[in-house]
Amino acid sequence: MSGHVVPPRIYFAVFAALMILTALTVWAAFQDFGPLNTVIALGIACVKATLVVLYFMHVRYGGRLVWVMISGALIWLGILLVITLADYASRGWL
Amino acid sequence: MSHYLNHDYGIRSWLLTKDHKRIALLYLISATVMFMIGGIFALLVRLELLTPAGDLMQSETYNKMFTMHGIAMVFFFLIPAVPAVLGNFLVPMMIGARDLAFPRVNLLSWYIYTIGALFTLWAMISGGVDTGWTFYTPYSTAWSNTNVLVTGVGIFITGFSSILTGLNFIVTIHRMRAPGMTWFRLPLFIWAHYAASIIMILGTPVVAITILLLALERGLHLGIFDPALGGDPVLFQHLFWFYSHPAVYIMILPSMGVISELVACFSRKRVFGYSFIAFSSLTIALVGFLVWGHHMFVSSQSVYAGLVFSVLSFVVAVPSAVKVFNWTATLYKGTITFETPMIYAFGFIGLFTIGGLTGLFLASIGLDVHVHDTYFIVAHFHYIMVGGVIMGYLGGLHFWWPKITGRMYSEFWGRISAAIIFIGFNLTFFPQFILGYLGMPRRYHAYPEEFQVLNVMSTAGASILGVGYLIPLVYLFWSMRYGKPASDNPWGARGLEWTTPSPPPVENFPVTPVVTEEAYAYGTHGKESPVG
Amino acid sequence: MLSDLPLFPKQASSMAWQVDALYLFLVALSAVMSLLIAGLLLTFAVRYRAKSRADRSNAPEGNNTLEMIWTLIPLGIVMFIFTWGAGLYFHMARPPEDTMDVLVVGKRWMWKLQHLSGRREINELHVPVGRAVKLTMTSEDVIHSFFVPAFRVKMDVLPGRYSTVWFKPTRPGTYHLFCAEYCGTKHSQMIGSVVVMQPDDFQAWLGGDVSDLTPAQAGERLFNSLGCITCHNPGSGARGPALTGLFGRQVRLAGGSAATADEIYLRQSIEDPRAMQVEGFEPLMPTYRGMISEEGMLQIIEYIKTLGPGPSAGAAPSAAQPARGGGS
Amino acid sequence: MADAHAGALHAHQFEDADQQKDASTLGMWVFLLTEILFFGGMFLAYAVYRIAYPAAWAAASHHLDVRLGGINTVVLIVSSLTMAMAVHAAQLGRRQQLVVFLILTMLLGGVFVGIKAVEYQHKFAEGHVPGPGFHFEGADGRHAQLFFSLYFAMTGMHALHMIIGFGLLAWLLAGSLKGRFTPSYYTPVEMIGLYWHFVDIVWIFLFPLLYLLGRH
């Protein structure tokens, strides 16, 4: 699962992408896209995080088990967020 | 012969040990101490409730008693009991490994547990804490004048010992299995621990951050749940129960694993429906995370959220029922003997059945409104926690005691004390179901007189239960020195842990075992001689 | 002694027998299931004890049909119980239209209640038999819980929020009122009683003490003394939005969002007016946080509720039938 | 996570070095999963209040310095790159490179924490620290105080992780100066690298959530 030597140019490419995305998200924050602002900011953050996980953290070259575990943890986080927020969203309903 | 107990001597060899078996014994000692502390608080609570007027102690004192009873029992006994003692000892042996994957992390987890326990004990000695083990805000953040901060720090620290234990088990079960030990040859004890470990690593961090936020609010005015700032105390309840409900499964799943081993061994038969029991553990671990809101049916969470939590709570009851049916079916056409561990297993199945069925009352949202926060819920969770977890723990402790110490305990006293515990338990907690339905709220220091008869019964039962717990403490301790030496496999049980000497050598197996058969291959190799 | 031992609390509300019916069903189900399991355990334990010579050939190690049966049948049963309990819960969560309202403030360690006629009570609640009663509750400090076992109702009472509970007493008598959510040192003394009276007796009791203003009148008095009236007057060109017919209506806020003018909206508008800026008005209103007690807040809200549609805002309305805004 | 002794190829409980490395990597990942849920609790609180009080939170967010936050984001991403390069150097057994990249990573980590300290100091000066002395110029100080409570809780926990990471890097540096790591044994470098990247990811989310949303 590990021991895979990633060529540095991939690291640099990922780094460049992260930098561009950072600039993009700052730029986007100052434009008015309405509710889309939040979507864009979080979307870019997710892309950046995915890049770091896949390349810097070598998950792209790793075994299936790590994939399963990461998705498991994200599902659990999703459970926590979605169910609790659903409570707040439906507080007024009867 | 050299084994893990005698290959090295001195306190240093224990406090710096990296042997999972010795760490299990360290946990056994500290968990027993915490159990006795929690037990003393419980007896004081029951004594106070003998009379309706609340005249034994001040209400401040009483509130601290039930709080510290809950904290000591939940965080420092029930959660580590089966996994950190029996699991630590048995997980590597059952899968044919020399140790856990990270022995130093394992030792670290015990030190973390101990430091957390010392913090909490310090908080108890220097004035105590009175928030209830649930730490509901804003009472805990703004109104209680007791040692909430120190207690919170203690529980926060201890959480990491649970995380590290779970982490160790998961990696060990994935990576350290002996050749031929496929997933579906694993003993059900391992499946149960794997499922519990998932909860430990995914739930515990949430309660850790929750307690931390509470501490920040109390100590540094970072008002995350403060209604004065527009914060929501119900959010605290969401975060708290996201861990603390699944925590129930951290306690009960490993105990269920023990019961699967006991029932198979003393029926001399493969467990009925192996894969169904295995998968029911995983189902409980997953669905158990979706039901936390049933602790909040009257908290003013939304009506629809309540309904969703209610239906999921009913769903999670099904895999538990499946386990009970499968254990019962295992007895069919078995060759059953009634040694002490088996008596505990029978006790577990009976009490857990009642605990589970009364869970249906609470999952039923319209009925829960009435019994919520009454003695009904107290009775229910003691049937699960004491009737389930502790019965399984004691059964397992007796079952593997010969392996752990190399000595047999007194079978006579074992059976007597199991019976006393069973009777005392029911007398203590069954009346509380009725009390609860009559409407006696929990955490009451004084109560209306019409509730007295049932409270007296409960207190009488508690004293019997207390005696029942003291007897094993005496004869188990006695057996360590004077007990009959145990053979490698005194019960004629299957499983890798019974193929090594009692007590086992330092690295468990002289040569790494190769597994060629299913778990619980009773019968296929002819009957082992019954216990002598 | 045991003959005095009750197994059920008194049934004193329309809800009580419904809850008891579900309870009894579950008790029966539990008894059947427990006896079934215990019976099987005992039978097998005796029949297949090591010394018996019972036939042990073809001992099964599993049976998928059986597993399906004992997974699906319990699933069906619990789903049936779920729908039963859920129906009951909806019934509890939805108060009927025509209720007698009482305002409740919990504080450590007492219950303060006020009828809409103005009569105040502490740790006691008098209600007439046969009339649905709705409580609007809030807390001054920590979380409490309003619990009347004889009515089978319970609801948490939270600081900074309003929760409601309703019940319809069916039998005169005096019943326990408990605080069910642990609230500190004297939690077990935060108790009282609910007195259910015949309607005539209740009217006599209610009229027995006329010195108090109704909550709406007290709210109006507060409204005037705090100077709210200077801006929130129904005249044109007023600096604040008119409150006539406001309660229950949709309000457009500055910034484009909308909110329903319910209790919590009014409370937030009084405490953080500039956070709840109504569209078309200047942010002039100062905060009234800390200047109004929890009871005062409930009274002002009660007063605003009575400002029904029509020009006669401010006129003393009938307190027993507060005007409720249209559906939200 | 690694339980190996210097010099020994693998610890006694493992069959071989591969099994050990496998186990260590898995263990580290499991640990990082717990960290996701740890921060997850605060993200939940954030979401609940952001949705409940959007205007107050946007106003409060305006009082954060987006330039300093942005610079810190860049600093942290560069440090992730140097950390990745450090692992790369360790894989290839380039000891000098490893030392240089570790020092660079530590430096960048130090810069990040330093800038964070400056920001905290601004908050103290402006009275934006929750508590009795809290002072806020905007319309809705109460809910803004909630924002700053979470701001300090989240960035504080993140900074604490940075400081722990800094200590771990110092330990790695000492080890690599002694030549402990070889192409066949560099598990600690890789594990601490994973941790460092994880801390970076947390910031990648904190930056938009705290500094950017509601900025326009």
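Some observations on this one:
- Residues being of a type in the set (Gly, Ala, Ser), facing another protein chain (nearest Cβ under 7 Å) and part of a helix (DSSP H, G or I) - total across the stretch A:50-94: 2
- Members of the stretch B:254-305 found to be outside any helix (DSSP H, G or I) and closer than 30 Å to B:ALA493 by Cβ, listed by number: B:ARG268, B:LYS269, B:ARG270, B:VAL271, B:PHE272, B:GLY273
- Of the strands (runs of 3 or more DSSP E) that lie entirely inside the stretch C:88-134, those containing 2 or more residues that are within 14 Å of another protein chain (Cβ to nearest Cβ) and crowded, with 22+ Cβ neighbours inside 10 Å span C:100-107.
- Per the conditions (1) part of a loop (DSSP other than H, G, I, E, B); (2) more than 12 Å from every other protein chain (Cβ to nearest Cβ), the sole criterion not satisfied by B:VAL248 is (1).
- Checking each residue of the stretch D:46-64 against the condition of being farther than 26 Å from B:ILE209 by Cβ, surrounded by 22 or more Cβ atoms within 10 Å (Cβ to Cβ), touching a residue at least 40 places away in the same chain (Cβ under 8 Å) and within 12 Å of chain B (Cβ to nearest Cβ) gives no match.
- One residue alone among A:ALA45, A:ALA16, A:ALA73 is at pLDDT 90 or above, small (Gly, Ala, Ser) and surrounded by fewer than 13 Cβ atoms within 10 Å (Cβ to Cβ), and that residue is A:ALA16.
- Looking across the stretch C:95-112, the residues that are over 12 Å from C:ARG131 (Cα atoms) and touching a His at 6+ places or on another chain (Cβ under 9 Å) come down to C:VAL102, C:LEU103, C:GLY106, C:LYS107, C:ARG108, C:TRP109, C:TRP111.
- In summary, strands (runs of 3 or more DSSP E) completely within the stretch C:138-181 and bearing 3 or more residues that are in contact with a Gly (Cβ under 8 Å, 6 or more places away or on another chain) occur at C:144-148, C:173-179.
- Here the condition is being without any contact (Cβ under 8 Å) to a residue 60 or more places away in the chain and among the aromatic types (Phe, Trp, Tyr); of C:TYR265, C:TYR303, it holds for C:TYR265 alone.
- Filtered by the rule that a residue be buried (at least 18 other Cβ atoms within 10 Å of the Cβ) and of a type in the set (A, V, I, L, M, F, W, C), the stretch B:447-463 gives B:PHE451, B:LEU454, B:MET457, B:ALA462.
- Any hit, the stretch C:55-62, residues being at negative phi and touching a Leu at 6+ places or on another chain (Cβ under 8 Å): no
- Scanning the stretch C:36-59 for residues that are within 19 Å of B:VAL324 (Cβ to Cβ) and within 8 Å of chain B (Cβ to nearest Cβ) yields a total of 7.
- Qualifying residue in the stretch C:138-147 (condition: among the aromatic types (Phe, Trp, Tyr), at pLDDT 95 or above and more than 12 Å from the chain's Cα centre (by Cα)): no
- Look at (1) within 11 Å of chain D (Cβ to nearest Cβ); (2) surrounded by 20 or more Cβ atoms within 10 Å (Cβ to Cβ) and you find that C:THR287 fails only one, number (2).
- Which listed residue is under 30 Å from B:GLU497 (Cβ atoms), in a helix (DSSP H, G or I), β-branched (Val, Ile, Thr) and at pLDDT 95 or above, from B:ILE404, B:ILE354: B:ILE404
- Identity of the residue in the stretch B:183-216, among the β-branched types (Val, Ile, Thr) and in contact (Cβ under 8 Å) with a residue 40 or more places away in the chain, that ends up farthest from B:ALA278 (Cα to Cα): B:ILE211
- Selection from the stretch B:329-347 of residues that are within 14 Å of C:SER34 (Cβ to Cβ) and more than 10 Å from chain C (Cβ to nearest Cβ): B:GLY347
- Exactly one residue out of B:ALA53, B:ALA81 is over 23 Å from B:ALA192 (Cβ atoms) and either of a type in the set (A, V, I, L, M) or more than 10 Å from every other protein chain (Cβ to nearest Cβ) (or both): that is B:ALA53.
- Scanning the stretch B:212-228 for residues that are in a helix (DSSP H, G or I), crowded, with 24+ Cβ neighbours inside 10 Å and more than 7 Å from chain D (Cβ to nearest Cβ) yields B:LEU214, B:GLU217.
The values are calculated or read from the model by the stated rules, or taken from the named source; none is laboratory data. Here the structure is a predicted model, which means the values were calculated and not measured. All Cβ positions, glycine included, derive from the backbone under ideal geometry; neighbour counts span all protein chains shown.
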